[in-house]
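One structure below.
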Amino acid sequence: MQHGKYRFIVGFLAVPLGLYALFVVWPFIQSIYYSFTDWTGLSPDFKMVGFDNYTRMLHDDVFWKSLQHSLLFALVLPLVTISLALFFAFMINVGGRRRKGGPVISGVRGSSFYKIVYFFPQVLSIAIVSLLFAFAYNPDSGAINSLLRGIGLDHVQPLWLGDPSLALWCVMAVLVWSTTGFFVVLFSAGMASIPTELYESALLDGAGRATTFFRITLPLLWDTVQSGWVYMGILALGAESFAVVQIMTTGPGGPDYSTTVMVLYVYQKAFRDGQAAYATTIGVALLVVTLAFAAIVMRLGRRERLEF
């Protein structure tokens, strides 16, 4: 059985690892290389400039704003999204009251319907979601301000995406709305694997919902929560935040750079301003931030593995 085992393993891994190295690792290496040049992205000609791009980046006020916004996304979005998803998943799966003739452990009434409702935003592309909310946030004809006028709050008419103090929070609200459903389904699948005997024993001991959640559900679901936290942070730092800011905001990234995030700034420098080398420099900084975020979450979230 052991004969040729390693050749068999290498044969299966060679192709996927080769593709990963070609399409993931090699572009990263190229980006780091180009960050030390003056390449415009429009010409094959460039020369080495050393650390000039990094020096420029450290003195770029817009870069520091985009870094601040990206870090805020990485801190706030996973916290809010994961917390909401855990609450909804718990109520859907084990948070219901015992009904006569029904199982001891069950979700709230209509839990199957709620699963569909929560997952519905995942059916829509992030571009469509962004356009819908851009219309809803319109200060003149949008649904939100129209609702406020309809209930007699004519004096409360925020500019939403036009207000530098509100625009970033409006964007984050859209990301929370569009991603919570995915994690509800993810955590529901994890909770379904927890033996009901544990919940029944807790109920016999007089444990309430909060105690059951923090003493049983969360510890046994911790690995899934940790993975979800890292995944949500990567979404917040990457493609999801770019799409929402690019489509919804003025500029995009405005007003007054109040919604500019690092991934958007990379795109603008590369494709709008023709400064590909400087864009790759910011991309390297984004890579460092993403890796640091994942490492911190994995380190702080490390705990003894529980089995059942």
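The values are calculated or read from the model by the stated rules, or taken from the named source; none is laboratory data. These figures come from a predicted structure and were not determined experimentally. So basically every Cβ, Gly included, is an ideal-geometry build from the backbone, and we count neighbours across all protein chains shown. SASA here: full protein model, heavy atoms, side chains in, ligands and nucleic acids out. Shrake-Rupley method; radii C 1.70, N 1.55, O 1.52, S 1.80 Å.
Do we find a residue being polar (S, T, N, Q), assigned to a helix (DSSP H, G or I), closer than 30 Å to Lys269 by Cβ and modelled with pLDDT of 90 or more anywhere in the range 61-69? Even if it seems obvious, please write down each step before you answer.
Initially, the range 61-69 is screened for residues polar (S, T, N, Q), giving 66, 68.
Those still in the list that are assigned to a helix (DSSP H, G or I) too: 66, 68.
Retained after the next criterion (residues that are closer than 30 Å to Lys269 by Cβ): 66, 68.
So of that shortlist, the ones also modelled with pLDDT of 90 or more come out as 66, 68.
Yes; the residues of the range 61-69 include at least one that is polar (S, T, N, Q), assigned to a helix (DSSP H, G or I), closer than 30 Å to Lys269 by Cβ and modelled with pLDDT of 90 or more.
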| task | Identify the single condition in (1) in a loop (DSSP other than H, G, I, E, B); (2) open to solvent by less than 90 Å² (accessible area, probe 1.4 Å) that Leu72 does not satisfy, given that it satisfies every other one. | result | (1)
| field | Test result for Tyr231, farther than 24 Å from Ser35 by Cα and either touching a Phe, Trp or Tyr at 6+ places or on another chain (Cβ under 9 Å) or open to solvent by less than 30 Å² (accessible area, probe 1.4 Å) (or both) | value | yes
| query | Just for helices (runs of 4 or more DSSP H) wholly inside the range 178-264: which have at least 2 residues that are more than 30 Å from Asp163 (Cα to Cα), among the hydroxyl-bearing types (Ser, Thr, Tyr) and in contact (Cβ under 8 Å) with a residue 60 or more places away in the chain? | reply | 196-204
| Restricting attention to the range 286-301, does a residue exist that is open to solvent by less than 10 Å² (accessible area, probe 1.4 Å), modelled with pLDDT of 90 or more and within 29 Å of Asp38 (Cα to Cα)? | no
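Would you point out which residue out of Thr281, Thr211 is at pLDDT 95 or above and over 23 Å from Ala134 (Cα atoms)? Explain how you work it out, then say what you get.
Values: Thr211 fails: at pLDDT 95 or above.
Only one candidate qualifies: Thr281.
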| task | Output the number of residues of the range 59-69 satisfying the condition of being touching a Phe, Trp or Tyr at 6+ places or on another chain (Cβ under 9 Å) and open to solvent by 100 Å² or more (accessible area, probe 1.4 Å). | result | 1
| field | Residues within the range 203-218 that are of a type outside the set (Ser, Thr, Tyr) and either within 28 Å of Val117 (Cβ to Cβ) or not assigned by the TED database to the domain that holds Phe90 (or both), tallied | value | 8
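Could you please let me know if Trp39 is open to solvent by 60 Å² or more (accessible area, probe 1.4 Å) and part of a helix (DSSP H, G or I)? Explain how you work it out, then say what you get.
Numbers: open to solvent by 60 Å² or more (accessible area, probe 1.4 Å): yes; part of a helix (DSSP H, G or I): no.
It is false that Trp39 is open to solvent by 60 Å² or more (accessible area, probe 1.4 Å) and part of a helix (DSSP H, G or I).
Filter the range 141-158 for residues that are part of a loop (DSSP other than H, G, I, E, B) and touching a residue at least 12 places away in the same chain (Cβ under 8 Å) and give the result. Give the derivation first.
So the first thing to find is which residues in the range 141-158 are part of a loop (DSSP other than H, G, I, E, B), and the list is 141-142, 151-158.
Answer for the range 141-158, where residues must be part of a loop (DSSP other than H, G, I, E, B) and touching a residue at least 12 places away in the same chain (Cβ under 8 Å): Gly142, Gln157, Pro158.
Would you mind finding the one in Ala239, Ala270, Ala243, Ala276 that is of a type in the set (A, V, I, L, M, F, W, C) and surrounded by 23 or more Cβ atoms within 10 Å (Cβ to Cβ)?
Working: Ala239 fails: surrounded by 23 or more Cβ atoms within 10 Å (Cβ to Cβ); Ala270 fails: surrounded by 23 or more Cβ atoms within 10 Å (Cβ to Cβ); Ala243 fails: surrounded by 23 or more Cβ atoms within 10 Å (Cβ to Cβ).
Only one candidate qualifies: Ala276.
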